[in-house]
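K.L.:
Supplied in C-alpha cells, the structure appears directly below.
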Amino acid sequence: MVGLKEKVAVVTGGGMGIGQAIAVALAQEGANIVIFDIDMEAAKETACKIEDMGQEVLVCEADVSKAPSVDKATDQTLERFGHIDILINNAGITHPAVSILDLDLEFLDKVTDVDLKGVYICSRRIGKEMVGRQSGVIVNISSVTALTPVPLVVYAPVKSAVIMLTRILARDWAQKGVRVNAIAPGYILTPLLQGMFDKGLRNPDTILSHVPMKKFIMPSDIADAAVFLCSEKERFITGVTLPVDAGFSCEGGWKAYGDE
Ligand code: NAD
C-alpha cells in the first residue's frame with residue numbers, strides 16, 4: 001500500500017489503454033476513481049472493473065479540450081466526492097507518422113487541442129481546487145517522443161510542451177501543496193498497437209530493434225509508475241519527467257559503434 005486509501009483520483013481518458021490501467025492500479029491502492037472520457041462505453045467498462053474491486057467510481061462524459069465540458073465534469077466530481085486529490089492527465093490522440101509536408105494541417109489543431117490544451121484546461125480547473133486545499137498531485141502522461149526525435153511532427157513537440165508545462169506548474173505550486181510530475185512512456189503494447197501489428201501497419205521487430213531492452217512495455221508498467229508518483233511517500237518529487245521506455249531514450253548514437 002502506498003497511502004492512497006480514500007483519495008479521489010480523476011483519470012482523463014480512463015476508458016481504455018494506459019488510462020484504464022492507471023485507474024485500476026490507483027483503485028487497487030484504495031483510491032476512488034473518476035473517469036473523464038468522451039467514450040462512455042469504454043469508460044463504463046473501466047468503471048465495472050473498479051466497482052468489482054469495491055472502490056467507488058464516477059463516470060463523467062468530458063472532452064478535455066473543451067473548458068465548459070471539463071468545468072461540468074469537475075463540478076459533478078466535487079458534488080459527489082467533495083474534493084479531488086489526484087489528477088492523471090492521460091487523454092491523448094496522435095496522427096500518422098509522415099513528413100510535415102504530407103501531414104494534413106487539421107492534425108495541428110486536433111492533436112494540440114487534446115494533448116496540450118487538454119492538460120492545460122484540466123490542470124487549471126482541478127489545480128485551482130488543489131491549490132485551494134493546499135494539497136494534490138498531478139501526473140501528466142507525456143511520451144518518450146518528447147525526448148528523442150521521431151517522425152511525429154505535431155505529437156512529439158506537443159508532448160515536449162507537456163513536459164515544460166509540468167515543470168512550470170511544479171515550480172508555481174511548490175509552496176502550495178501540489179506536486180506535478182510527468183511520465184514519458186515508450187512503446188506500450190496497447191490493443192491499438194497490437195491491432196497495427198495484426199494489420200501489418202507496424203512491424204514489432206523494427207520497433208524492438210531500437211529498444212535497448214528488446215521488450216514491449218505493458219500499460220500496467222505505466223500504471224505502476226503513476227502510483228509511485230502519486231504516493232505520499234514521494235512528497236519531495238515534483239517537476240520530474242520519468243521515462244518508462246525500456247531504454248529507448250538512451251539509444252542515441254549507440255548503433256554507430258556497431259554494437260547491438
Ligand atoms: P488510447 O487511444 O488507448 O486511449 C485514449 C483514451 O482517451 C480513450 O479512452 C479515449 O476515448 C480518450 N480520449 C480521447 N480523446 C479525448 C478527449 N478529447 N477527452 C477525453 N478523453 C479522450 O490511448 P493510449 O495508448 O492508452 O494512450 C494514453 C496516453 O499515453 C496518451 O496521452 C498517449 O499520447 C500516451 N502515450 C501512449 C503510448 C503508447 O504506446 N500507447 C506511448 C507514449 C505515450
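K.L.:
Select from the range 1-27 the residues that are in a loop (DSSP other than H, G, I, E, B) and away from the ligand (no atom under 16 Å from the Cβ) and write down the one among them that is least open to solvent (accessible area, probe 1.4 Å). Don't jump to the end; show me each part of the working.
P.N.:
Taking the range 1-27 first, the residues in a loop (DSSP other than H, G, I, E, B) are 1-7, 13-16.
If we keep only those that are away from the ligand (no atom under 16 Å from the Cβ) as well, we get 1-7.
Details: Met1: 153, Val2: 40, Gly3: 39, Leu4: 2, Lys5: 136, Glu6: 112, Lys7: 44 Å².
For the range 1-27, the residue satisfying everything is Leu4.
K.L.:
Can you tell me which residues in the range 187-214 are surrounded by 14 or more Cβ atoms within 10 Å (Cβ to Cβ), touching a residue at least 24 places away in the same chain (Cβ under 8 Å) and either in a loop (DSSP other than H, G, I, E, B) or out of contact with any helix residue (DSSP H, G or I) (no Cβ under 9 Å at 6 or more places or on another chain) (or both)?
P.N.:
Within the range 187-214, Tyr187, Leu189, Thr190, His210, Val211, Pro212 qualify.
K.L.:
Here's a follow-up. Report, by residue number, each residue of the range 52-73 that is under 16 Å from Met16 (Cα atoms) and of a type outside the set (A, V, I, L, M).
P.N.:
Residues satisfying the conditions are Cys60, Glu61, Asp63.
K.L.:
Further question on the same structure: If you check Arg179 against the conditions, is it more than 11 Å from the ligand (Cβ to nearest atom), surrounded by fewer than 23 Cβ atoms within 10 Å (Cβ to Cβ), outside any loop (DSSP other than H, G, I, E, B) and at pLDDT 95 or above?
P.N.:
Judged against the criteria, Arg179 is not a match.
K.L.:
Another question, if that's okay. Taking Asp221 and the conditions (1) part of a helix (DSSP H, G or I); (2) in contact with a strand residue (DSSP E or B) (Cβ under 8 Å, 6 or more places away or on another chain); (3) open to solvent by 40 Å² or more (accessible area, probe 1.4 Å); (4) away from the ligand (no atom under 16 Å from the Cβ), which numbered condition does it fall short on, given that it satisfies the others?
P.N.:
(4) is the only condition that Asp221 fails.
The values are calculated or read from the model by the stated rules, or taken from the named source; none is laboratory data. A quick note: this is a predicted structure, and the numbers were derived from the prediction, not measured. As a convention, Cβ positions derive from the backbone with ideal geometry for all residues, glycine included, and neighbour counts pool all protein chains shown. For the accessible areas, the whole protein counts, side chains as well, though only heavy atoms, and no ligand, DNA or RNA atoms are used. Shrake-Rupley method; radii C 1.70, N 1.55, O 1.52, S 1.80 Å.
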